[in-house]
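Trainee: Pasting a structure below so you can have a look.
The values are calculated or read from the model by the stated rules, or taken from the named source; none is laboratory data. Here the structure is a predicted model, which means the values were calculated and not measured. Methodologically, a virtual Cβ is constructed for each residue, glycine included, from the backbone with ideal geometry; neighbour enumeration extends over all protein chains shown. Each accessible area value is taken on the protein alone, full model and side chains, heavy atoms only, with ligands, DNA and RNA left out. Shrake-Rupley method; radii C 1.70, N 1.55, O 1.52, S 1.80 Å.
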Amino acid sequence: MSEQGFYPIGTPGQAWGEAEKAQWLAAREIQRSYRDEVLTRLESFVVEHEGWELARYGALSIDPDRYPLICVRTRDADPERPWVLITGGVHGYETSGVQGAIAFLREAAADFAERVNFLVAPCVSPWGYEVINRWNPRALDPNRNFVAQSPVEESAALWDLVRAHEQKTGRGFLMHMDLHETTDSDEDEFRPALAAREGQAFEPGIIPDGFYTVADESNPQPEFQAAIIAAVREVTHIAPPDDKGQIIGADVTQDGVIHYDFKPLGLCAGLTDATYTTTTEVYPDSPKATPEICNAAQVAAVRGGLGYA
């Protein structure tokens, strides 16, 4: 934001048009490598561990060669076992969502491989991962666009992958965990940009210090959420409510848990009709956290959720 409190793109009070979106896109810079940090690690995982395979389910039109969309899945799936979906990197700047999903594959998936089949999409938004941004190249948020005929290609590709998987296997999912994190850049960059894009005034908020989950208002599964919180508590601290008893404007329903209505909001965690669903959130900018702790918290969350489910 500028010193005057305005985002440096657009005119205060006026929603962005195509020119402003193009200006925003031109200002994005590649800051890390999807190839080195994600694809290479996934490729080495399936080579080093039996029973897994990589599948390409699309590519981003901005650079299809640079941004193939890759998932990892159980190679010889047992039709009698339930399926579990794990997603990360829906918001590309949320690093532990991506690296936590990969860490789970490398460190913990084998412990459950004889009980469930896995479909894992560790980095749903690879362009966002490289430029470290929440939006896609069209200045759209993938995590409000998991709907049929989505205008966001990252969301549409994952939607199609899941629908095709359900049709092929004839089964839905037992559990879907969508791994996210909340960073200081939400207040420094994303929310000011969102306000500017919509032609609205920016209203500062509070970043929760710690881990929390977002449950589906229509299917909250409180004991499932509690199992995740208990597992993560062994790794890092749980976010406390603010003085209104809320986290990010939503009422805390139990320690470290809030509710959103997944499907009407077009959230990734509402992508399936799984019995158990949740969105995880860690806070990497906390003085009590490190990237390693955040990745470990994501692994613990998936472990806790799987143990319960």
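Trainee: Within the stretch 87-130, restricting attention to residues that are over 13 Å from Leu39 (Cα atoms) and charged (D, E, K, R), which residue is surrounded by the fewest Cβ atoms within 10 Å (Cβ to Cβ)?
Mentor: Glu114
Trainee: Here's something else I'd like to know. Looking for something assigned to a loop (DSSP other than H, G, I, E, B), at pLDDT below 95 and over 21 Å from Asn295 (Cβ atoms) - is there at least one such residue anywhere in the stretch 205-222?
Mentor: yes
Trainee: Counting only residues that are free of Cβ contacts under 8 Å to residues at least 40 places away in the same chain and either among the β-branched types (Val, Ile, Thr) or open to solvent by 90 Å² or more (accessible area, probe 1.4 Å) (or both), how many does the stretch 14-56 have?
Mentor: Number satisfying all stated conditions: 10.
Trainee: Only one residue in Gly88, Gly17, Gly97, Gly51 is in contact with a helix residue (DSSP H, G or I) (Cβ under 6 Å, 6 or more places away or on another chain) and either among the hydrophobic types (A, V, I, L, M, F, W, C) or modelled with pLDDT of 95 or more (or both), so which one is that?
Mentor: That would be Gly88, the only listed residue that is in contact with a helix residue (DSSP H, G or I) (Cβ under 6 Å, 6 or more places away or on another chain) and either among the hydrophobic types (A, V, I, L, M, F, W, C) or modelled with pLDDT of 95 or more (or both).
Trainee: List pairs: first in the stretch 184-201 and assigned to a loop (DSSP other than H, G, I, E, B), second open to solvent by less than 40 Å² (accessible area, probe 1.4 Å) and of a type in the set (D, E, K, R), Cβ under 6 Å, 6+ apart or cross-chain?
Mentor: Cβ pairs passing all conditions: none.
Trainee: Go through the stretch 243-267 and give me each residue that's open to solvent by 50 Å² or more (accessible area, probe 1.4 Å), part of a loop (DSSP other than H, G, I, E, B), farther than 22 Å from Leu306 by Cβ and of a type outside the set (A, V, I, L, M, F, W, C).
Mentor: If the condition is that a residue be open to solvent by 50 Å² or more (accessible area, probe 1.4 Å), part of a loop (DSSP other than H, G, I, E, B), farther than 22 Å from Leu306 by Cβ and of a type outside the set (A, V, I, L, M, F, W, C), then Asp243, Lys244, Gly249 are the ones that fit.
Trainee: Quick check on the stretch 65-73. Is at least one of its residues within 30 Å of Arg197 (Cα to Cα), part of a helix (DSSP H, G or I) and touching a residue at least 24 places away in the same chain (Cβ under 8 Å)? Show your work before the answer.
Mentor: Narrowing the stretch 65-73 to residues within 30 Å of Arg197 (Cα to Cα): 65-69.
Still in the running and part of a helix (DSSP H, G or I): none.
Within the stretch 65-73, not a single residue is within 30 Å of Arg197 (Cα to Cα), part of a helix (DSSP H, G or I) and touching a residue at least 24 places away in the same chain (Cβ under 8 Å).
Trainee: Among the residues of the stretch 137-154, is any in contact with a Lys or Arg (Cβ under 7 Å, 6 or more places away or on another chain) and farther than 26 Å from Thr272 by Cβ?
Mentor: yes
Trainee: Condition test on Arg106, is it part of a loop (DSSP other than H, G, I, E, B), under 27 Å from Leu174 (Cβ atoms) and either charged (D, E, K, R) or touching a strand residue (DSSP E or B) at 6+ places or on another chain (Cβ under 6 Å) (or both)? Outline the logic, then answer.
Mentor: Values: part of a loop (DSSP other than H, G, I, E, B): no; under 27 Å from Leu174 (Cβ atoms): yes; either charged (D, E, K, R) or touching a strand residue (DSSP E or B) at 6+ places or on another chain (Cβ under 6 Å) (or both): yes.
For Arg106, the condition - part of a loop (DSSP other than H, G, I, E, B), under 27 Å from Leu174 (Cβ atoms) and either charged (D, E, K, R) or touching a strand residue (DSSP E or B) at 6+ places or on another chain (Cβ under 6 Å) (or both) - is not met.
Trainee: Moving to a separate point now. Could you look through the stretch 72-86, keep only residues that are out of contact with any Lys or Arg (no Cβ under 8 Å at 6 or more places or on another chain) and open to solvent by less than 30 Å² (accessible area, probe 1.4 Å), and pick out the one that is farthest from Gly128 (Cα to Cα)?
Mentor: The qualifying residue farthest from Gly128 (Cα to Cα) is Thr74.
Trainee: Residue pairs, Cβ under 6 Å, 6 or more apart or interchain, first in the stretch 290-309 and buried (at least 24 other Cβ atoms within 10 Å of the Cβ), second among the hydroxyl-bearing types (Ser, Thr, Tyr). List them.
Mentor: From the stretch 290-309, the pairs are Cys294/Ser96; Asn295/Ser96; Ala297/Thr236; Gln298/Ser96; Ala301/Thr280.
Trainee: Oh, and also: When you scan the stretch 268-289, how many residues do you find that are within 23 Å of Asp184 (Cα to Cα) and surrounded by fewer than 23 Cβ atoms within 10 Å (Cβ to Cβ)?
Mentor: Result for the stretch 268-289: 6.
Trainee: Whether any residue in the stretch 40-56 is among the β-branched types (Val, Ile, Thr) and more than 21 Å from Tyr93 (Cα to Cα) is what I want to check.
Mentor: The answer is yes, given that some residue of the stretch 40-56 is among the β-branched types (Val, Ile, Thr) and more than 21 Å from Tyr93 (Cα to Cα).
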